[in-house]
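Structure first, then comments.
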Amino acid sequence: MRAAAAPPASAPAVRPSPSAGQLASVERAIRRMRDHLGETQCLTDHAEAGLFSPFHFHRVFRGVTSVTPARFLAALRMAEAQRMMIRGSPRVTDVCTAVGYASLGTFTTQFTRLVGMSPSRFKALVDRHGDRGIGEVVDASGLTGPDGPTGPGQAAEITGRATGTAPADAVLFTGLFPHGVPQDLPVACAVTAATATVRLRPPADADHHVLAVCFDRATRVADALDDPAGARRSVATTRAPTHGSFRLRLRTPALSDPPIVLALPLLLARDATGPVTAPVAAVVAAVATDPG
């Protein structure tokens, strides 16, 4: 019997582009967050920098960044904590205080949740794998394939391609999330060459976002993690269709993009010596824009 033709892809909802004034407001607030990471900050501080009332600013900020100001600030702090450890800060307690946490326990819990491992484990893996290229780590992990993962539970239901500027020899990490930022594990993931087809299987019960990040294979692991301006990566995001295809337009990260804090290459390196499980593969792909 002849198979029925697949229905056309649903048109994902398009979020209105922010106005120049809204974008400028959010960027002023983000610069203030960066300049005062070690200090106590609240919504009123952010709104004052953005020149809006707290209620209006919160709505504008979330509309521009897809994340709340508090979560964005948490991501900035975790990204800076990683950079301090990569650059040789010897004591986690010093890092904790420098990025605005009064409690070492709270800092460790937040770091572990957002980065994917404890601070001490992070430091140990940076020392061991920081000089390796991302391509080498990806190859050792066994996660790549011409069209992404093909194991149990990875049947393709939506497919996509990346467009835009990317190195000829690049790796694309793509995750499917219930929100516009990678918060918690993705519900599906793929690790592919930048030019390959991405295949993901979305759950049928909710809308999802496709989030992706692209690195040159030669980029050192330490350099990929210590990259506050996003000079060594391209990112892309789009609403996921319920079926059919999607397109990822790679671009240079903007100031309003939440930083990437999941320690993607270290998670790969950590698990490269053993069997790669579905949860590990999911964590590895959760890196398009970072949770806040």
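Observations on the model:
- Selection of region 213-229 for residues being assigned to a loop (DSSP other than H, G, I, E, B) and within 16 Å of the chain's Cα centre (by Cα) yields ASP226, ASP227, PRO228, ALA229.
- Test: residue in region 236-243 that is within 17 Å of the chain's Cα centre (by Cα), modelled with pLDDT of 85 or more, part of a loop (DSSP other than H, G, I, E, B) and among the polar types (S, T, N, Q): no
- Residue within region 200-211 that is within 22 Å of ARG113 (Cβ to Cβ) and at pLDDT 85 or above present: yes
- Residue selected from region 249-263 under the condition within 19 Å of PRO167 (Cα to Cα) and among the hydrophobic types (A, V, I, L, M, F, W, C), by the criterion most open to solvent (accessible area, probe 1.4 Å): ALA254
- Checked against (1) in contact with a Phe, Trp or Tyr (Cβ under 9 Å, 6 or more places away or on another chain); (2) open to solvent by less than 10 Å² (accessible area, probe 1.4 Å), GLY116 passes all but a single condition, namely (2).
- Extreme residue, farthest from ALA263 (Cα to Cα), among residues of region 216-225 that are in contact with a Lys or Arg (Cβ under 8 Å, 6 or more places away or on another chain) and open to solvent by 30 Å² or more (accessible area, probe 1.4 Å): ASP216
- Selection of region 42-57 for residues being under 24 Å from VAL261 (Cβ atoms), open to solvent by 10 Å² or more (accessible area, probe 1.4 Å) and touching a helix residue (DSSP H, G or I) at 6+ places or on another chain (Cβ under 6 Å) yields LEU43, ALA49.
- Where a residue in region 27-41 is within 15 Å of ALA81 (Cβ to Cβ) and its partner, wherever it lies, is among the acidic types (Asp, Glu) and open to solvent by less than 60 Å² (accessible area, probe 1.4 Å), with Cβ under 7 Å and at least six apart: LEU37/GLU80
- Residues that are in a strand (DSSP E or B), over 29 Å from VAL95 (Cα atoms) and modelled with pLDDT of 85 or more, drawn from region 118-163: ILE158, THR159, GLY160, ARG161, ALA162, THR163
The values are calculated or read from the model by the stated rules, or taken from the named source; none is laboratory data. It should be emphasised that the depicted structure is a prediction, and the values quoted were computed from it without experimental measurement. Heads up, the Cβs are rebuilt from the backbone with ideal geometry, glycines too, and the neighbour counts pull from every protein chain shown. Note: accessible area is taken over every heavy atom of the protein model, side chains too, but ligands, DNA and RNA are not part of it. Shrake-Rupley method; radii C 1.70, N 1.55, O 1.52, S 1.80 Å.
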